[in-house]
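Following: one structure in structure tokens, then a few remarks.
The values are calculated or read from the model by the stated rules, or taken from the named source; none is laboratory data. Small disclaimer: the values here were computed from a predicted structure and weren't measured. Reconstructed Cβ throughout: ideal geometry from the backbone, glycine too, with neighbour counts over all protein chains shown. What goes into the accessible areas is simple: the full protein's heavy atoms, side chains included, and nothing from ligands, DNA or RNA. Shrake-Rupley method; radii C 1.70, N 1.55, O 1.52, S 1.80 Å.
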Amino acid sequence: MTILDNLTSEVVIKKSKFITLITHVESKEEVDRVLLEVRNKYKDARHHVYTYFITSSLKGASEDKEPIKSAHRLLTIFENKGINNILAITTRYFGGIELGASNLERTYVSVVTDLLDKAEFKEEVTYVLFKAKTKSTTFNIFKKRLIESKGEIKECCFLGNEVEVSFLCDRLDDYFKTYLYDIVETDIKETKYK
């Protein structure tokens, strides 16, 4: 799932001000751009702690020289909650009173999780485009099985007694593969599609 809107909060704890933004991002370049905007907006702030989780293979975090691991803890929280395409940045203005590492870490995590509790999310479905060949005599069975699995035919090309089919599906699990493999003539080829 992904966040729908940008959310911000401002919290003051022992005279330290924590300004937090959570926003939707699609790429590392977008993360860098938003981070630069925040750093320019709050140039005199002491720290900009951030966490981004786009996919399980594209994620990152920085405590920005704070003596804590809260940004990295947020990676785990995002992953466990199934949140993708998110960037959380907390800017801290030091108020002159040391908070202690454990209080500081709890604060960084809680300001983000408090915003997550207020956020609206939408489920994201990434479709995959598949290509396969089937005999024209089994095409109607193929089509029925695909519809039962919530798939969608994008293109058909009838070639004599064979049909080349391009279709979308949100997943191709083992059950579905078995369901289709007994009626297709070739391997099912996969291409990413959004």
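Structure notes:
- Kirkwood estimate for region 14-140, i.e. one over the average of 1/r between Cα atoms, Å: 16.3
- With Cα atoms as the point set, the radius of gyration and Dmax of region 61-119 evaluate to 11.9, 37 Å.
- Mean sequence separation of contacting Cα pairs (under 8 Å, at least six apart), scaled by the length of region 1-93, corresponds to a relative contact order of 38 percent.
- With all protein chains in place and a 1.4 Å probe, the accessible surface of region 49-173 carries 48 percent carbon and sulfur.
- Among the GluC sites (Glu not before Pro) within region 71-160, those in coil by DSSP and having at most 16 neighbouring Cβ atoms inside 10 Å are Glu98, Glu120, Glu123, Glu124.
- Out-of-range pairs (alpha-carbon distance over 25 Å; input Lys59/Lys122; Lys17/Lys118; Lys81/Lys118; Lys14/Lys43): none
- Net charge in the neighbourhood of Leu21 (other residues with Cβ under 14 Å of its Cβ; Lys, Arg +1, Asp, Glu -1) is +1.
- Per-residue ³J(HN,Hα) for region 86-99, Karplus 6.51 cos²θ - 1.76 cosθ + 1.60, θ = phi - 60°, Hz, x for Gly and Pro: 10, 10, 10, 10, 10, 9, 10, 9, 6, x, x, 10, 5, 8
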